[in-house]
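Structure record follows, encoded as structure tokens.
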Amino acid sequence: MNDIELLDLITNCRRGSVIAPAGCGKTEQIALAVLHSYGRRLILTHTLAGVDALRTRLKDKGADPTFYQITTIAAWSLRIASAFPLRSGLSLTMPINNEQWDTVYASAVKLLRSKCIDGIISASYSGVFVDEYQDCTRVQHQLICALVDLLPCCVFGDPLQAIFGFRGNPLPDWDKEVLSAFPKIAKLSQPHRWENVGNRVLGGWLIKCRDDLNGKRQIDLRCSPSSVNHCMLEGDTKEKLYQERIKLVLKALNKPKEEKCIIIGDSKNETSRALLARYAKASAVEPITCKRLVKFVKELEGSEGLERLKVVMDLVKDIMSGAKGAALTNVVQDVTAGKRKKQLDGRQTACVEITRSQDLKPILHLLEDLQKQQGLWIYRRELYSALCAALRVVISGTHTSLADAVWDVQNRRRHAGRRFAKRSMGSTLLVKGLEFDHAIIVDVESFKRNDLYVALTRASRSVTIISKSCLLNPVSC
Amino acid sequence: MKIRLIEIQNFRGIRELTWAPSEQVNCLIGAGDAGKTTIIDAIDLTLSSRYQTTFDDSDFFEGKPAQAIEITITLGDLPEIFKAVTKYGGHTRGWDAEKKIIVDDPDEGNGLEDVLSVRLVVNHTLEPKWNLYKASFTGDPRSERSLTFEDRQKIVPTRLGVYTDRHLAWGRQSILTRLSGNACVGVEILAEASRLARKHFKACEEGLFKETVDQISEWARPVGVKLGKNIAARLDVQGISLTSGGISLHEGDIPLRLLGAGSARLLIAALQDHAAACVPFALIDEVEHGLEPHRISRLLRYLKSDRDGTRAQLFMTTHSPVVLQELGIDDLAVVRRDKPTGKVTAISAKTDIAELDSQAPLRSMPNSYLARSVLVCEGKTEVGLARGLDRYWVKNKRDPFATAGVVATSGRGKDQAPQLAKHFRKLQYHVALFMDNDKDPDNSKILLELERLGVKILRWEKGKASEDVLFHDIGDGAVKRIIELLKGEEEAAKILEQFKGMAGKCSVSDWDDLQKKCTDTAIRAQLATCAKKHDWIKTRMSLSELIGLEVLGPNLERLKGENEECMTGLRAWVDDE
């Protein structure tokens, strides 16, 4: 099949799916298909970052924006369901949690199945493309199916890149449910991501890895190309292993400054990732429902006096290094005991105030002041800025409770997508769909097949795997 | 596009109106202050969204700006592109054509049409706001959405007001501009034209204002202003700035706007029609303005003729029976205003009364529709009598029927007349039914039904037709006067023969003989019978009018019982209106 035949197939099929392995030019393919289509296409994806990527690509190709609409499944569902509340039964217009979002999807399904807006849908679009289909939850899948009763639709995705989300929401079975609704029409196979940086060998090896993973075979790192480094992790105690691992990570991070490196760790262990980030001087990428932040909010609420200061200082210790928290706490203890006579500086004053009231302003002052300190390293920068933003929101009066503000800020960030530091620490869940120059994979023993595939395919130049064995045997799932 | 529903609140004389107009022609009729023009203005203001329109307190109902003006016009037959989610798809609502109601959300599965509601709101700040209206969006940012400038141009109606000059020039929103595909005359052409004008003026001005200009230089000196040597009269750039509105249609050197009012409107109507594809709505004030009856007919037939479905939906007002005669009953909407509440209704003149051919009365009695009150008479005899009585009463210093807005009309017999009364009553006219009482309508319940609907029933004494009353129940002088009038008729000889031909006990030789004997009871009875049998009065409307004026009028006091009640009832009804 040549390129044109493929485009014809994608744009003319009534229902179809295109399997798109990582780095094989899915975004490009969707953009070309939009240009190749007749009429206006609706392009749905999951994140605003995804929307951005597609929009930028289409803009680069000079596509006329009146011929496509790119949005997230969430935003589209909310817009359509809340526009016709009588038919969708949806009464809320600003969903604030996952249950409410599920209500939004269910309402949109009801609306689409009602036949009430068939004319509006067909007046709006000539067809639909859905990106990252493997990330669709079951109710999102139902929504797309309802839409597809009205419009031709081609979905793009890769079941091997499906990583179970942070919610207990099951994904539809690819073979049974997705393929029966959207028969497979093509599979992309050209590893553009690696070819573009002259690393064709790595691209080819990853295609082979993919086949192995699909065939449930182990991956032997001994027969990998030179851009794949395996660092054997050795040591007889836990402590030693940990030290060794940090050493290897630091060594692997020794790459040209402008090249983006990602350390990929255990999805389930936020704290261990944070710790590794600290030692490796990398920025931790935080999940939306950041446990440490939630814990802080809970502890702060209702605490007072020195206890309150301790809550703040514990957090400071967990998100940055070199803050000299103990010294600060000592000063405050002296002041409280009436022993301190010297003038206090701004940071010390803020700490004293934290012990004296429930006001959030001194906490924000302290955090902002710490940031200016020389030699201080904030390794959980995302957490830091989310907390500062939430504090500002409460202080400005937009929200009354810090918990609500945190949720609001996090939720906004989820849609806005994140910016990565040159050296970042994340998990497969947090980095899927993203591109880096170098990837350093730790905790590979805990990876399932999908985790491993996503982790291996994140970097275009080199992949470093730190493990105790040169044979990768993903946990079966 | 078509207007499906018009809802008005607190606009000028209308506190409230909800009207579902017809798809094609809507001719508004009704009393002078019913609100016809207000409805046309409401459509114009709402769909034109001209931001320079200014409102003042007098635009509010009862002049009270505390209650905001709200005009909502719901549009159906939408262009597909309007329905797109990326356009106004999210604002669509459902139109139930059968029940003539709007449902806030669309439901095409159940036969509702997708519609959009455009709403104009003016509150006490007098700042007009145009938005797309959908009840469930009230109070959220989506209620602020409005049509884009480009799309607003697609719903602007053209209006043929009394002054139509502007449509014969290429100005903003004029028909000519739209026919030219909204093409704008290049600014540079206009600039060059004004430059040429200045140059030409300069060349010709020489000496025209020379004296004055010289004087000015001299007068300036004593006050210390020194003017240069080049002082001259020139065309001012500002004074002659040309806009595209300054370009108009000419015949030779004569601008077509100088055509007679009627011709100009005819021409514009024709242009309008060809622009219909881009102008979905046409508004015409006083459609008969400046036109002779035959030209009205021509214009209306033209506007109504079917031309490949691109006809604009037409809204017009009229006070002309000629216009009504040319229209179908479906085209007519009767506008009524309930003065105390300010509630205005517009009702289609089609009342769906099975027993009545509703188109017929429009053709035969257009005047009745233009009145406030209709006196439905059983036949021509009664119409004539009523008209005669009107003249008699006017002579005796009573108000004429016209003052009360009363028109007498023939109901074509005892069975049709009550149906006609019902028709007008349903259209909320004040109605009285004036009937003989010798025979009852076949539909025995109709009179009771009419009374319930509020129709005043006026009938002679039980068993009597008008002729019986005229020949029997008023004095000898009256009968003699009728005989005199009959004798003066063109067909007097035939009438006499008919009387002689009646097999009766009493015979007469000639008119004089009849004149002598006519006070005799038996002759009177025979005269009444003969008059009924041979339609002496019925076929002669001018005769019955004369009888009303000269016989019935002066003898009203002689009437007794039910006959007297019938006549005092008639007068009281007229005075009541």
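Since every read-out is calculated from the coordinates, none of them should be taken as a lab result. The structure displayed is predicted, hence computed values, not measured ones. Please note: Cβ atoms are built from the backbone with ideal geometry, for glycine as well, and neighbour counts cover all protein chains shown.
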May I ask you to compute the full-extension gain from B:Gln215 to B:Asn396, defined as 0.36 nm times their residue separation minus their alpha-carbon distance, rounded to one decimal in nm? 57.7 nm
Taking the Cβ-Cβ separation of A:Lys115 and B:Ala572 as r and a Förster radius of 51 Å, what is the calculated FRET efficiency to the nearest 0.05? 0.25
FRET efficiency for A:Glu177 and A:Leu241, Cβ-Cβ distance as r, R0 = 35 Å, nearest 0.05? 0.25
Taking every residue of B:134-147, the Cβ atoms of other protein chains inside 10 Å of its Cβ average out to 2
What is the log10 of I(q)/I(0) for region B:1-47, computed with the Debye formula using one identical point scatterer on each Cα and no solvent, at q = 0.18 Å⁻¹? -0.54
Would you mind ranking A:Trp407, A:Trp377 so that the residue whose beta carbon has the fewest other beta carbons within 10 Å leads the list? A:Trp377, A:Trp407
Acute angle (nearest 10 degrees) that the helix B:561-576 long axis makes with the longest principal axis of chain B, alpha-carbon atoms: 10 degrees
Based on alpha-carbon centroids, what's the gap between region A:324-371 and region B:518-542 in Å, whole number please? 121 Å
Tell me the relative contact order for region B:28-93 as a rounded percent, counting alpha carbon contacts under 8 Å between residues six or more apart. 18 percent
Could you work out the per residue convex hull volume over the alpha carbons of the protein assembly as shown, in cubic angstrom? 345 Å³
Radius of gyration and Dmax over the Cα atoms of chain B, both given in Å: 32.9, 119
Summed side-chain charge close to A:Arg356 - residues other than A:Arg356 whose Cβ falls under 14 Å, Lys, Arg +1, Asp, Glu -1: -2
B:Lys487: net charge of surrounding residues, Cβ under 15 Å, Lys/Arg +1, Asp/Glu -1, itself excluded? -2
Using a 7 Å offset from the Cα along the Cα-to-Cβ direction at both A:Ser189 and B:Lys229, what is the distance between the two label points in nm, to one decimal? 9.4 nm
Distance in nm between label sites at B:Ser58 and B:His319, each 7 Å beyond Cα in the beta-carbon direction? 1.9 nm
For a footprinting-style exposure proxy, rank B:Tyr88, B:Tyr51 by other Cβ within 10 Å, fewest first. B:Tyr51, B:Tyr88
Tilt relative to chain A, helix A:305-319 - C-alpha long axis, 0 to 90 degrees, to 10: 50 degrees
With angles folded into 0 to 90 degrees, how steeply does helix B:210-220 sit against the dominant principal axis of chain B? Use alpha carbons for both and round to 10. 60 degrees
A correct fewest-to-most ranking of A:Thr56, B:Thr381, A:Thr103 by other Cβ atoms within 10 Å would be A:Thr56, A:Thr103, B:Thr381
Would you kindly calculate the mean projected area, averaged across all directions, of the convex hull enclosing the Cα atoms of region B:2-152, in square nanometres? 9.6 nm²
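Set the Förster radius R0 to 51 Å, insert the Cβ-Cβ distance between A:Asn12 and A:Lys251 as r into 1/(1 + (r/R0)^6), and round the FRET efficiency to 0.05.
0.45
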Counting helices only, and only those DSSP H runs with n ≥ 4, report the 222 nm mean residue ellipticity of chain B as the sum of -39,500 (n - 2.57) divided by its residues, in deg cm²/dmol to the nearest 500. -10500 deg cm²/dmol
Find the relative contact order for region B:426-577 and round it to a whole percent, using C-alpha pairs within less than 8 Å whose residues are 6+ positions apart. 28 percent
